[in-house]
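Peer 1: Pasting in a structure now, in structure tokens, and then I'll have a few things to ask.
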Amino acid sequence: MTLELYAMTCGWLNLPLAALIEGGSNATIRIPVPCYLIVHPSGTALFDSGLGTICQSEAAEYMGDFAALMQVEFEPGEEITRRLETLERESTSIDFLINSHLHFDHAGGNVQVPEARLIVQRREWEAAHEPDQIAAVGYKPVDYDLGHDLLQIDGEHDVFGDGSVVCIPTYGHTPGHQSLRVALPGGEVVLTGDACYLRETLEELRLPPGAASDPGAMRESLTRLRSLQERGARIFYGHDPTFWQTVPQAPAKIV
């Protein structure tokens, strides 16, 4: 069995383009909330868990200040448990849950994957437990402080020990943001999370205004992603709706 990668849409967000890229217009853009399942001969890994089901009924109250910036589209059946069912997978059977970072649209579904070992950068976990950082970066501990078996990593981490699925640090959007490098039979892909919202983010190095905890580090991460792209990796932009239209959705495989 070779490694398999599946993409799943776990909701949508509507917000001004200007919130995603420097110099963007105030026109509203509808962006996907992606999650990915990796099936490896030695186990399964989920990269991000999407929105929490509370966003299906109490989004405005739950999101607080974020509700003034964006509106959630998240229907029953779009949560990670139901998305996994299209692949005949139970959320309780996932071995590893890898969070790119701990914002609500990437870790909100963690509660639905209770048996997985949670893999997160140590600096992200620590920042997400500091009151000042929680307020400044927009963390919600209710999303991630759930008692998972926790693996805190520092920098690169080889998930299955064979170089096929590797966490790579892409700090800047949050203090400990990470992306995921996946070696598919058809070539390497990089799942960027929020290190790179849109194709234009990478092509033009235009950061999201106000959405980076460390703009310098985020720019360095984009430079690293560019280098991987130049060496042949396919970049999966974190919230690019045009790009997302080209991504096969589960149960279809990404090849």
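Any read-out appearing in this document is the output of simple, stated calculations on the displayed coordinates, not a laboratory observation. Computed from a predicted structure; not experimentally measured. Heads up, the Cβs are rebuilt from the backbone with ideal geometry, glycines too, and the neighbour counts pull from every protein chain shown.
Peer 1: Cα centroid distance between the stretch 214-250 and the stretch 140-211, in Å?
Peer 2: So the two Cα centres are separated by 10 Å.
Peer 1: Let me ask something additional. Would you please give the residues with an amide H less than 5 Å from that of ILE29, counting only those at least 5 places away or on a separate chain, with H modeled from the backbone geometry?
Peer 2: Residues meeting the amide H criterion: LEU15, LEU17.
Peer 1: Given R₀ = 35 Å, what would the calculated FRET efficiency be for GLU204 paired with GLU73, taking r from the Cβ atoms and rounding to 0.05?
Peer 2: Details: r = 28 Å, r/R0 = 0.79.
According to the calculation, E is roughly 0.80.
Peer 1: Rounded to whole Hz and in sequence order, give me ³J(HN,Hα) for the stretch 43-59 from the Karplus expression 6.51 cos²θ - 1.76 cosθ + 1.60, θ = phi - 60°, writing x for Gly and Pro.
Peer 2: x, 10, 9, 10, 9, 6, 10, x, 7, x, 5, 4, 6, 7, 10, 9, 4
Peer 1: Using a 10 Å cut-off around each Cβ, can you sort GLU4, GLU61 from fewest to most neighbouring Cβ atoms?
Peer 2: On the way: GLU4 18, GLU61 9.
Least crowded to most crowded, the residues run GLU61, GLU4.
Peer 1: For the chain, give the magnitude of the charge dipole about the Cα centre (Cβ charges: +1 Lys/Arg, -1 Asp/Glu; no others), in debye to the nearest 20. Let's see the in-between values first.
Peer 2: Details: 17 positive and 36 negative charges, 139 e Å.
With Lys and Arg at +1 and Asp and Glu at -1, about 660 debye.
Peer 1: Going by C-beta contacts inside 10 Å, put CYS167, CYS196 in order with the fewest on the left.
Peer 2: On the way: CYS167 22, CYS196 28.
Sorted ascending by nearby Cβ count, the order is CYS167, CYS196.
Peer 1: Can I ask one more? Work out the FRET efficiency for SER93 and THR9 from their Cβ-Cβ distance, taking R0 = 22 Å, and round it to the nearest 0.05. Intermediate values should be presented prior to the final figure.
Peer 2: On the way: r = 21 Å, r/R0 = 0.96.
Once rounded, the FRET efficiency stands at 0.55.
Peer 1: For the chain, calculate the relative contact order in percent as a whole number, restricting contacts to Cα pairs under 8 Å that are 6 or more residues apart.
Peer 2: Computed value for the chain: 21 percent relative contact order.
Peer 1: Dipole of the stretch 4-244 (Lys/Arg Cβ +1, Asp/Glu Cβ -1, origin at the Cα centre): which of PRO41, LEU97, VAL182 lies farthest to the positive side?
Peer 2: After comparing all options, I get VAL182.
Peer 1: Taking θ as phi - 60°, what are the ³J(HN,Hα) couplings along the stretch 183-191 by the Karplus curve (6.51, -1.76, 1.60), each to the nearest whole Hz, with x for Gly and Pro?
Peer 2: Whole-Hz 3J(HN,Hα) from phi for the stretch 183-191: 8, 8, x, x, x, 7, 10, 10, 8.
Peer 1: Can you list the residues, at least 5 places off or on another chain, whose amide H is less than 5 Å from the amide H of LEU150, using H built in the peptide plane?
Peer 2: LEU118
Peer 1: Now a separate question. Using θ = phi - 60° and the Karplus form 6.51 cos²θ - 1.76 cosθ + 1.60, what ³J(HN,Hα) does each residue of the stretch 130-143 get, whole Hz, x for Gly and Pro?
Peer 2: Values per residue, Gly and Pro as x: 9, x, 5, 6, 4, 6, 6, 9, x, 6, 10, x, 4, 6 Hz.
Peer 1: Same structure, new question: Quick one: plug the Kirkwood hydrodynamic radius of the stretch 4-244 (C-alpha pairs) into Stokes-Einstein at 37 °C, 0.692 mPa s, and report D in µm²/s.
Peer 2: Values: Rh = 17.7 Å.
D = 186 µm²/s.
Peer 1: With a point put 7 Å past each Cα toward its Cβ, work out how far ARG219 is from ASP145 in nm, to one decimal.
Peer 2: Spacing of the two 7 Å Cα→Cβ label points: 3.4 nm.
Peer 1: Report, by chain and number, residues whose modeled amide H sits under 5 Å from the one on LEU184, excluding near sequence neighbours (fewer than 5 apart, same chain).
Peer 2: VAL189
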